[in-house]
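Please treat every number below as a calculation from the coordinates, not as lab data. Predicted model only: the values in this text are computed from it and were never measured. Virtual Cβ from ideal backbone geometry, glycine too; neighbours counted across all protein chains shown.
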Amino acid sequence: MKKFFFFILLSLPLITFQACEKRLDIVPASVSPESLILSSVDGLNGGLNFAYQQLHTDLGRHFTIWSELLSDHLLVRGGAVLPTQQFIYDRNLDAVATEPVSSTDPRLVSDVRLRDMYNCVNTAALILRACENGLAESDLAYADNKDRIMGECYFLRAVCHFELVRYWALPWGTTADNSHPGIIINEQPVDDRISQIKPRASVAKVYAFIIRDLQKADSLLPETFVQGVHSGVYKGRAYRDAAKGFLAKVYFQQGNYVQAKEMIDQLIGSTPGVITGYPLQASLTQLFSARGAENTDPECIYQTTSSTAINASQATYWNSTNPESIYPRSAAVASKGIVTTQFITDAHFYPQDLRLTLFKTLSDGRITPTKYCLVDFFNIPLIRSAEMVLDRAEIYASDNRLEDAVADCNTVRQRAQIPLLTIPISKEALLDSIRTERIRELCFEGDRLHDLRRKKQMVLPGERAGIQPLAWNSKDLVLKYSQEDMARNPQLENNY
Amino acid sequence: MKISHLMIRKIFTGLFLLPGMVTVATAQVDADSLLVQAGYRKIPAIYVAGSIASLGSRAMENLVVPNLKAAMQGKMAGVHTVQANGMPSAEVAVRVRGTGSIYGETEPLYVIDGIPVYAGPREIAPEGIGGNWGAVFNPLSDINPMDIASIQVLKDAGAAAIYGARGANGVILITTKNARPNKSDVRLDYYTGITQTTNRVRLLNGPDYLRLLDQAWQNSGQTGEGPLPAVEGFNRATATGVNSDHLSQVLGQGNVQQLSLSASSGTAKSAFYFSGSYRKEAGVLTGNDLTRYTGKVKFTNQLTSKLSINANIGMNYSEYFNMPVGRSEGGGFGAAQRNLPVFPWYHPNGTYFYASDPAVYHLPGSNIMSFMSKNDYDNEEQTKRVFVAAGLGYKVMKGLELRVDAAMDQYYHTRRDYTSKRLRYGSVGSGTGREGTPLAYAGYEKYSENVYNLLATLSYKKIKGAHNLSVLGGFEVYYNDNPYFFAEGEGFVSDFLRQPAAAAYRNQITPEALVTNVNVVTGYFATADYVFKERYLLNATVRVDASSRFGADNKYQVFPALSAGYIFSGALKLRASYGWTGNYGIGNYSSLERWGISPSSRYLLQAGVHALGLGSPSLKPEKQEQINIGADFSLLKDRISGSLDIYNRTTKDMILLFPVPLSSGVKEPGLLLNGGAMRNRGIELNIASKNVQGVFTWNTELSIAHNQNKISDLGGLSPDQVSAHKNIVNYTGHAAGVYYLAEYAGVDPATGQELIYDRDRKVVPAISAARIDSARIPHFNKPSAPKFFGGLNNIFRYKNFDLSAFITFSYGNYLLDEGERELSYLKGKNNLLATATQVSFPKLRYNDPVAGSNTTRFLHDASYLRMKNLTLGYAIKKMKLLKEARIYLTAQNLFTVTRFPGWDPEVAGSYLTNAERSLNQGITYMDLPQVRSFVAGINVKL
């Protein structure tokens, strides 16, 4: 009996111990591994939510204003609140690459922008891998959503690469075969740090990759949100035409007018002067004040969709009392973003042009754009049919189809209630008119720098004092990689 | 006090070399039992072959210290103890034998009565606007130092290997009081006193500020008067009439009182101890108060000749009002220094004047008056600790004993903060139209640490002839979870409905956080102590630990150690040990590839999940290989006794953060991998001497240690890649945490221009941040860790009087005073040091472009010698009804000898991450200085 008691005593702790051993493999409830988190449609959608958030943190915000700040139509007066904006305006891109987020956050602002894009890229790649491996196959909703999810991944990844290559590499066409360095392409998900020590792919390869991904997105994405089939979160995100819209933008940037036109025809209809898809809307202010996924402007092919319930982070940049904004909504805060005299010359608006309602004259007589400060938050248009139809007008004009070009250009002029172009008109005069129309229509929406580069025109100093005009493919207009990132990836070639 | 280097050196040498003054019995022995805690067992002090430092009951008696960690300061050689700042519950940084890690934990393991307890740091960072205001809270500040009987520190691997993966930073074993057999004691302790800051930094007054502002404005090429910040209702005319001394408003005289009552009773078979205490401390920073209650019950009983049981129950509660200090926003100690002296506190209509723009969402204005009003600002923290342990011992047969102990330590930390709409605007998250309009805020946070510990040991003791063998084997399961809850809300109907639940608007970006976080350690261990002929000592220890924190490929880790000793006579013992310990303080989920959600990762209000880190399945604890050689000695019939230890402690598989290229697209910036190595090498000396014996006695105790840290491998990373602050980097071959600054070259007497040395040692004007950055060099000869540190205690007794004078010192360390930099450049929004009026001060420029750059101008020798404690007591023994009564007067931090020009050289920063704690201890920024206190007290024993 005594021996038995002794044995029990000794074995009791050992049994307990065995039970505790199992606890060594902890699956935390607050964080989970990929294999679990991506094993349901909800999980995959969650990953996509993050990817969209990362993309739209910059798209429509930083990337939109950077294009304007680097080119010639915007004057920043009295110092931008965000140092990055000031550095970019001063074309001091060295400073952009060394500016920390704050005195306590040593991360660099430009690194954060790069990271946003690559976070989106990697998340998309991880979700694609999960789909390829059928991680969520047991989820009943998966079959209906698989193509949609994969299509969104290709779309997101392509758009990120497109934004990155336009800011962190010399533009398309700088070398004849575009063999100059583009950016790092991530086609596979990243599992370790060593695989990321690699050189930048050429601009040609990056564009080819973007086009391939957008084509896949085009074939996989649904035409629109279908209640009962797609997860509710999909509403307001990218549909098939968003992929087509970006394809049109990419081809147009490349000067590949044939394919750009093909995409535009698919989007707005192929009859010159008649927009059947995404018709132009009479109200310009509505275009910049639509809110939420239920109320996207019919003219928009793709937009940063705001929520209706809250001033989502995407819109704060532009249009709230947020002191970061250079076009503050509050009348009490002085507007720092002023149009340059060059813009006034370039645009030479008719006095009756409806688009002038999107400007405000300040007490000192200077003019500030108000597109982004009409309401507190709204869907930020990223691709709209006016851009497409002006692209096509220019394509027709370059192709000597002057009548068709006039018809397309007049759709925009008609909406603005200014005199229509008439035939006959010379090709040069027509091209000039179309390009002027483009400035009037798309000004301050982030088009300027990319458009100058496409046209291979000098980037003038605007109202900056003592700054020389820069060639369209000047390295002084290309963002730099930080020393920190160069150290992390020794194979990275910088833009100096 | 201005003191030259030479003087300090003279004082130091004078103190140490006074002949005959030196000694101590290695306080290595618990006077009551002559047994020391050696980890899961007690062994006779004389048999210890590892390096164990002790504070015995005599040293703990009559200590007037605010918390348990402070009790160790200067008393144990090699245990470096620095309180972060002068706030009542500020964290105390403790390093045993130097900093042994960069990205891992550096604090030792705390074990109270055999049970590991939660001692910090937090696993989850605080959230909300009041999240990291004040100092990081010291969880052990809730323990009453009066309950402690003795403290042992296991310093070398020979002693600490039995704690395996948790032993690398040393182990602090705390034994609480219990009754002595057949004795009953009742003891009452009370003390009360006042506190004040040890130092005061002087700032410009209003008229001087305006004068310098205009000068600076003109110096930067402008004409006329310098501009004042654009604040509504504020202009030059109002400024001229204002001279606000913000510092005098926030700093005041504090006070402290503590009452402890304990009763104990012992018989031959049982022992019982009960205690309760109350402490109230009003900090020197107005509004910064601490109240603490503790209760404790402990008993042991020998039920039968074979079976004994014991229980140990403690309950502590503390209440703390926090004020912003350091880098915190808001109107606290930092604001009192930064705010312009020409800012009034109130508008003529009685509303608060905002010294800074409250339109920066989510952050309140920095008017100090608003923060001193409990109606407008309230940041109350509460901690509760319930500690319950129970165990049984069963003597299976002669010499063989089984013990099973189970314990639970539950620690809760709650924080409620409230800021009224009079000092803040609504945040972006409060919803459209509300951001930028006055809106009150309330946050509530609850952080818990639940530690469950199960321990079973089997020990066997046998003495046969000259052989004396003790063997112990056992296992331990340690389970720790830390649930965290946070909620916040904005917009309150009344200032008296302050909970997030009563908020009109939830923050729609970060509505709440609820996280649980778990880690588990299981370990098997065995140790054998063998003594031959009372002369030869041998110990072998091995522990195998597994932890959920280690990577999947490295779950089990082995930690062996061996120590040996030889006793020449009672007067000299030589010891040597070699062994391995581990550092498991690497974060709960560092090795896991994992996805999570972050509040900002949502699109169209739908939450997003994302990959946080890549995961590293091979991650294992850092290992420390340590050799220790020591001697315990006793001379002149125990008149002089002491111990001397030399050690070499090598951190292998040191964890480093390998930065991941941005293109990898994961949230975390790097990957923790075992890839570096570091070494700490040093010498420690403890001496106690009985200088004079008889009616008048004079005892002296000295502890002094020197430690040299060197990084031997950075895993191929560059100096600035191993960094948590741009002014501190790391080099292979040098101590961790090297100041990386441009060297200040003084002022050009002709122009007043600030000068620096460029990298070619040429003196150049410091005209731009870029120039200063390009002149940065590492300052290897100005370390942030002291060359030596320790304490010297002199105790005099004459009849009923006792007098002790305890000095602590630190020599050879440097501090970078970033607060001083902040107050040295005129940016138009901040005040300046009063010295700015002097000619030797560099010429001021309005909005100086170099204002954000540190140079060695702000790097100072922070050696100090501090009169830590001076106590005069008078005791009456054997009175009617009383066994003993003693009254005493104590002065703490009475004076400090230093050349450091800032607030206080004794400062340790307050950080949330391991890397910051390891590397940035030498940076101070507007930290509240330690307090000087004058206390009168009484002990009564019945």
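Report, as a whole number in µm² per second, the diffusion coefficient that Stokes-Einstein gives for the range B:396-547 at 25 °C and 0.890 mPa s using the Kirkwood radius over alpha carbon pairs.
Estimated diffusion coefficient is 122 µm²/s.
Just tell me how shielded A:266-274 is by partners: mean number of partner chain Cβ atoms within 10 Å of each residue's Cβ, no decimals.
The shielding value for this peptide is 0.
What's the local net charge at residue A:213, with K and R +1, D and E -1, over the other residues with C-beta under 12 Å away?
In short, 0.
Could you compute the FRET efficiency for residue B:469 and residue B:301, with r as their C-beta to C-beta distance and R0 at 35 Å, rounded to 0.05?
0.75
Modelling each spin label as a point 7 Å along the Cα-to-Cβ direction, I'd like the residue B:533/residue A:354 distance in nm, to one decimal.
11.0
What does the charge count near residue A:348 come to, summing +1 for each Lys or Arg and -1 for each Asp or Glu among other residues with Cβ under 13 Å from its Cβ?
Within the 13 Å Cβ shell, the charges total -1.
For residue A:294, project a label point 7 Å along Cα to C-beta. Then give me every residue of the range A:31-62 with its amide nitrogen under 14 Å of that point.
The answer is none.
Nearest 10 degrees is fine. How inclined is helix A:203-220 to the longest principal axis of chain A, computing both from alpha carbons?
It works out to around 80 degrees.
Percent of Cα-Cα pairs per 10 Å bin, from 0 to the last occupied bin, for the protein assembly as shown, please list those.
1, 8, 14, 19, 19, 15, 11, 7, 4, 2, 1, 0, 0
List the extent of the Cα atoms of chain A along each of their three principal axes, largest first, rounded to whole Å.
Computed over chain A, the largest-to-smallest principal extents equal 115, 50, 49 Å.
What's the long-distance tail for the range B:802-942, i.e. % of Cα pairs beyond 23 Å?
Here the tail beyond 23 Å accounts for 54 percent of pairs.
Work through the residues other than residue A:493 whose Cβ is under 13 Å from its Cβ and net out their charges, Lys, Arg +1 and Asp, Glu -1.
For residues surrounding residue A:493, the net value is +3.
With just the Cα atoms of the range A:390-496, tell me how far they stretch along each of the three principal axes, in Å, largest first.
Principal extents (largest minus smallest coordinate, Cα): 59, 32, 23 Å.
Each label point is 7 Å from the Cα along the Cα-to-Cβ direction; what then is the distance between the points at residue B:635 and residue B:319, in nm?
So the label points at residue B:635 and residue B:319 sit 5.5 nm apart.
Taking the alpha-carbon set of the range B:189-275, what are its Rg and Dmax in Å?
27.6, 89
For peptide A:184-191, what's the mean number of Cβ atoms from other chains within 10 Å of each residue's Cβ?
Details: counts 4, 1, 3, 0, 0, 3, 8, 5.
For peptide A:184-191, the averaged partner shielding equals 3.
Take every Cα pair under 8 Å in chain A that's 6+ residues apart, average their separations, divide by the length, and report that relative contact order as a whole percent.
Reported as a whole number, the value is 20 percent.
Let me know the whole percent of all Cα-Cα pairs from the range A:168-294 that are separated by more than 24 Å.
Counting every Cα pair in the range A:168-294, those more than 24 Å apart make up 48 percent.
What's the ranking of B:247-259, B:455-467 by average number of surrounding C-beta atoms within 10 Å, highest first? Could the numbers behind the result be given before it?
Numbers: B:247-259: 17.9, B:455-467: 14.9.
In descending order of packing, they fall as B:247-259, B:455-467.
Based on the alpha carbon coordinates of the range B:482-585, what radius of gyration and maximum Cα-Cα distance (Dmax) apply, in Å?
27.1, 80
What does the convex hull of the alpha-carbon atoms of the range B:29-158 project to on average, in nm²? Write down the numbers at each step before the final one.
Numbers: hull surface 35.4 nm².
Reported value for the Cα convex hull: 8.8 nm².
I'd like the distance separating the alpha-carbon centroids of the range A:49-83 and the range B:118-191, in whole Å.
Each part's Cα centre sits 52 Å from the other's.
Which part of the range B:721-764 falls in the paramagnetic zone of residue B:838, meaning amide N under 19 Å from the point 7 Å along Cα-to-beta-carbon?
Once the point is set 7 Å along Cα→Cβ of residue B:838, B:744-756 turn out to lie under 19 Å by backbone N, inside the range B:721-764.
Under a 5 Å amide H to amide H cut-off, with H placed in plane at 1.01 Å, what residues pair with residue B:711 once short-range neighbours are removed?
Distant-sequence amide H within range of residue B:711: B:679, B:733, B:734, B:735, B:736.
State the volume of the convex hull built on the alpha-carbon positions of chain B, expressed per residue in Å³ and rounded to an integer.
Per residue, the Cα convex hull of chain B comes to 178 Å³.
Relative to the first principal axis of the alpha-carbon coordinates of chain B, what is the inclination of helix B:5-17, with its axis defined by its Cα atoms, in degrees from 0 to 90 and to the nearest 10?
Roughly 10 degrees between the two axes.
What residues of the range B:870-891 lie in the reach of a label at residue B:190, counting those whose backbone N is under 14 Å from a point 7 Å from the Cα along Cα→Cβ?
B:886-888
Please work out the FRET efficiency for the pair residue B:34 and residue B:712, using the Cβ-Cβ distance as r and a Förster radius of 35 Å; give the result to the nearest 0.05.
So, using R0 = 35 Å, E works out to roughly 0.30.
Give the angle, between 0 and 90 degrees and rounded to the nearest 10, that separates the Cα long axis of helix A:2-21 from the longest principal axis of the Cα atoms of chain A.
Tilt relative to chain A: about 10 degrees.
Divide, for the range B:762-846, the radius of gyration over alpha carbons by 2.2 N^0.38 Å, where N is the residue count.
Ratio of Cα Rg to 2.2 N^0.38 Å: 1.82.
For the range A:90-165 and the range B:740-769, write down the distance between their C-alpha centroids in whole Å.
One Cα centre to the other: 44 Å.
Hey, what did chain B get for relative contact order, percent, Cα under 8 Å, at least 6 apart?
Reported as a whole number, the value is 14 percent.
Averaged over A:175-181, how many beta carbons belonging to a partner chain fall within 10 Å of each residue's beta carbon?
0
What is the ratio of the Cα radius of gyration of the range A:125-179 to 2.2 N^0.38 Å, where N is its residue count, to two decimals?
Rg over 2.2 N^0.38 Å, computed on Cα atoms: 1.64.
How large is the Kirkwood hydrodynamic radius of the range A:33-189, counting all unique pairs of alpha carbons, in Å?
17.5
Viscosity 0.890 mPa s, temperature 25 °C: give me the Stokes-Einstein translational D for the range B:67-113 in µm²/s, with Rh taken as the Kirkwood radius over C-alpha pairs.
So the translational diffusion coefficient is about 211 µm²/s.
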